[in-house]
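Data first, discussion second: the structure below is written as structure tokens.
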């Protein structure tokens, strides 16, 4: 039986099992759902065993537990794939914006709506159902390990320690992740790069109390003025970040990749209309798609200070604050960038104020070479499933755990994600396109069937 026939025969069961996970409100950031986290982990253990895993366990961590499972195929020298996913989800609020119960899957117009429909219960189910088909039909020619965590939506605080403690258990040849998106339903793509991140909070202090702006204005440095002056200097008129040494480790975009990016269907006008802006802005010499995926950026994420209530209050504030971030690219070290930013800010701080900068969090970027055997297997798999060769596309967001995998386990990750922008992850009315979901199962099946051949010397 081929994979599409297997899906057709088992579609109702697949969706029922998917729904059984969705009904568990595994919201990792809300302590009220602590018991739900364990329930969801237990349910995944059951489903992995039913799918054909020979062993599965719930493993403790410093936070929420991990789900581990494994399958050892018959034969020597077979490659080992480690499948990573997460079972925690984002909160559902605001509830009034949902068109149906977020914890009860609803199918409308070929899409399944619920929290976790895509991120990441739906995409994890793609992996498990492809695995099930191959095992139940005697077609699995790889060793497979699964590791599902329950803290991805809160920054995976327990993951690195877990990886360090279980390096031998998690040893593999390639890591497979379905937690990313495609350019579009008609434009399949494989994520080949993610940006890194550095984040800071800045506090600027002037006088020891708020002052009367009439008595002190023009005589005492205003902390808000000082802060905005400093931040205005971080990016120049050409969109370049001015931190000394910032671009030292930034690699140029390969010409072949620039040509591939240029093939991505994209309308500058539609892009601007969708977010109600007149024009785009960014680093000179690069397209919008290159800027938001392959080049670093700097943004002020929040800024506050002084009086912001109703009416007027003529005050010269004592303090001003900002939260700022840099999206980084592969080869940039977020800790080095963080230190350079702190040094730069203190250098350009004007006299009359004291500046304190607190690094908050960060992560490394990631790039997957498109010439390695595992990528070629994924490329073939997408071509079979979607009927056209996928584009290789870097994405502008950050998944710091991907670089952790490479640093600790020493292997590359293939990001076979099947999400769409329309799926609205993290938002009300999150959904998954059922046709794409089924094509995803086909793609992962083909990946496994092709991978052993591609990894042979």
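The values are calculated or read from the model by the stated rules, or taken from the named source; none is laboratory data. Just so it is clear, the structure is predicted and the values come from calculations on it, not from any experiment. Quick reminder, even Gly has a Cβ in these numbers, built from the backbone with ideal geometry, and neighbours come from all protein chains shown.
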>> Exactly one of these conditions fails for residue 351: (1) assigned by TED's automatic domain parsing to the domain that holds residue 440; (2) modelled with pLDDT of 90 or more; (3) farther than 24 Å from residue 266 by Cβ; (4) out of contact with any strand residue (DSSP E or B) (no Cβ under 8 Å at 6 or more places or on another chain). Give me its number.
In response: (1)
>> Regarding region 138-157, can at least one residue be identified that is outside any helix (DSSP H, G or I), closer than 30 Å to residue 305 by Cα and in contact (Cβ under 8 Å) with a residue 12 or more places away in the chain?
In response: yes
> If residue 168 passes every condition in (1) closer than 19 Å to residue 77 by Cβ; (2) in contact (Cβ under 8 Å) with a residue 24 or more places away in the chain but one, which one does it miss?
Replying inline: (2)
> What's the number of the condition residue 183 fails, among (1) modelled with pLDDT under 95; (2) loosely packed, with under 15 Cβ neighbours inside 10 Å?
Replying inline: (2)
> When you look at residue 368, is it modelled with pLDDT of 95 or more, closer than 20 Å to residue 195 by Cβ and touching a helix residue (DSSP H, G or I) at 6+ places or on another chain (Cβ under 7 Å), yes or no?
Replying inline: no
> For region 204-224, does any single residue satisfy the condition of being part of a helix (DSSP H, G or I) and surrounded by 24 or more Cβ atoms within 10 Å (Cβ to Cβ)?
Replying inline: yes
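Quick one: count up the residues across region 231-284 that are more than 30 Å from residue 318 (Cα to Cα), assigned to a helix (DSSP H, G or I) and in contact (Cβ under 8 Å) with a residue 40 or more places away in the chain. First the steps, then the outcome.
Of region 231-284, the ones more than 30 Å from residue 318 (Cα to Cα) are 237-240, 245-284.
Cutting the leftovers down to assigned to a helix (DSSP H, G or I) gives us 255-262, 268-275.
With in contact (Cβ under 8 Å) with a residue 40 or more places away in the chain added as a condition, the list becomes 257, 260-261.
So the answer is 3.
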>> Going by what's in this entry, would residue 199 be described as touching a residue at least 60 places away in the same chain (Cβ under 8 Å) and either in a loop (DSSP other than H, G, I, E, B) or within 22 Å of residue 283 (Cα to Cα) (or both)?
In response: yes
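For every residue, the table says whether it meets (1) modelled with pLDDT of 95 or more; (2) farther than 27 Å from residue 440 by Cα; (3) within 16 Å of the chain's Cα centre (by Cα); (4) outside any helix (DSSP H, G or I).
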{"position": "128", "(1), (2), (3), (4)": "yes, no, no, no"}
{"position": "132", "(1), (2), (3), (4)": "yes, no, no, no"}
{"position": "161", "(1), (2), (3), (4)": "yes, yes, no, no"}
{"position": "170", "(1), (2), (3), (4)": "yes, no, no, yes"}
{"position": "229", "(1), (2), (3), (4)": "yes, yes, no, no"}
> Among the residues of region 319-343, which ones are outside any loop (DSSP other than H, G, I, E, B) and either touching a helix residue (DSSP H, G or I) at 6+ places or on another chain (Cβ under 9 Å) or outside the structural domain of residue 219 (by TED's automatic domain parsing) (or both)?
Replying inline: 319, 320, 321, 322, 324, 326, 328, 334
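Let me confirm something: among 112, 48, which residue is in contact with a strand residue (DSSP E or B) (Cβ under 8 Å, 6 or more places away or on another chain), assigned to a helix (DSSP H, G or I) and either under 20 Å from residue 434 (Cβ atoms) or at pLDDT 95 or above (or both)? Outline the logic, then answer.
Details: 112 fails: assigned to a helix (DSSP H, G or I).
Being in contact with a strand residue (DSSP E or B) (Cβ under 8 Å, 6 or more places away or on another chain), assigned to a helix (DSSP H, G or I) and either under 20 Å from residue 434 (Cβ atoms) or at pLDDT 95 or above (or both) holds for just one of 112, 48, which is 48.
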> When residues of region 184-196 are filtered for being in contact with a strand residue (DSSP E or B) (Cβ under 8 Å, 6 or more places away or on another chain) and either within 15 Å of residue 368 (Cβ to Cβ) or without any contact (Cβ under 8 Å) to a residue 60 or more places away in the chain (or both), how many remain?
Replying inline: 8
> Residues in region 301-318: is at least one in the same structural domain as residue 204 (by TED's automatic domain parsing), surrounded by 11 or more Cβ atoms within 10 Å (Cβ to Cβ) and within 17 Å of residue 396 (Cβ to Cβ)?
Replying inline: yes
>> Quick check on region 27-43. Is at least one of its residues in contact with a strand residue (DSSP E or B) (Cβ under 7 Å, 6 or more places away or on another chain), modelled with pLDDT of 95 or more and within 21 Å of residue 176 (Cα to Cα)?
In response: yes
>> Being over 30 Å from residue 371 (Cβ atoms) and either at pLDDT 90 or above or in the same structural domain as residue 370 (by TED's automatic domain parsing) (or both) is the filter here; which residues of region 250-274 pass it?
In response: 267, 268, 269, 270, 271, 272, 273
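Could you say whether any residue in region 176-183 is closer than 28 Å to residue 432 by Cα, out of contact with any strand residue (DSSP E or B) (no Cβ under 8 Å at 6 or more places or on another chain) and assigned by TED's automatic domain parsing to the domain that holds residue 405? Before you say what the answer is, go through the steps one by one.
Within region 176-183, the first condition is being closer than 28 Å to residue 432 by Cα, and the residues that meet it are 176-183.
With the extra rule that they be out of contact with any strand residue (DSSP E or B) (no Cβ under 8 Å at 6 or more places or on another chain), the set shrinks to none.
Looking for residues that are closer than 28 Å to residue 432 by Cα, out of contact with any strand residue (DSSP E or B) (no Cβ under 8 Å at 6 or more places or on another chain) and assigned by TED's automatic domain parsing to the domain that holds residue 405, one finds none in region 176-183, hence no.
Residues being part of a strand (DSSP E or B) and within 22 Å of residue 160 (Cα to Cα): count how many of those fall in region 51-73. Can you show your working first?
As a first pass, look at region 51-73 and keep what is part of a strand (DSSP E or B): 55-59, 66-71.
Going one step further and asking which of them are within 22 Å of residue 160 (Cα to Cα), we end up with 56-59, 66-70.
The qualifying residues number 9.
Quick grid of which residues meet (1) in a loop (DSSP other than H, G, I, E, B); (2) crowded, with 18+ Cβ neighbours inside 10 Å:
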residue: 384; (1), (2): no, no
residue: 403; (1), (2): no, yes
residue: 407; (1), (2): no, no
residue: 417; (1), (2): yes, yes
residue: 426; (1), (2): yes, no
residue: 446; (1), (2): no, yes
residue: 449; (1), (2): no, yes
>> Here are the criteria: (1) farther than 17 Å from residue 430 by Cβ; (2) over 24 Å from the mean Cα position of the chain (by Cα); (3) surrounded by 12 or more Cβ atoms within 10 Å (Cβ to Cβ). Tell me which single one residue 36 does not satisfy.
In response: (2)
>> Could you go through region 97-114 and let me know if any residue there is surrounded by fewer than 24 Cβ atoms within 10 Å (Cβ to Cβ), on the phi > 0 side of the Ramachandran plot and over 22 Å from the mean Cα position of the chain (by Cα).
In response: yes
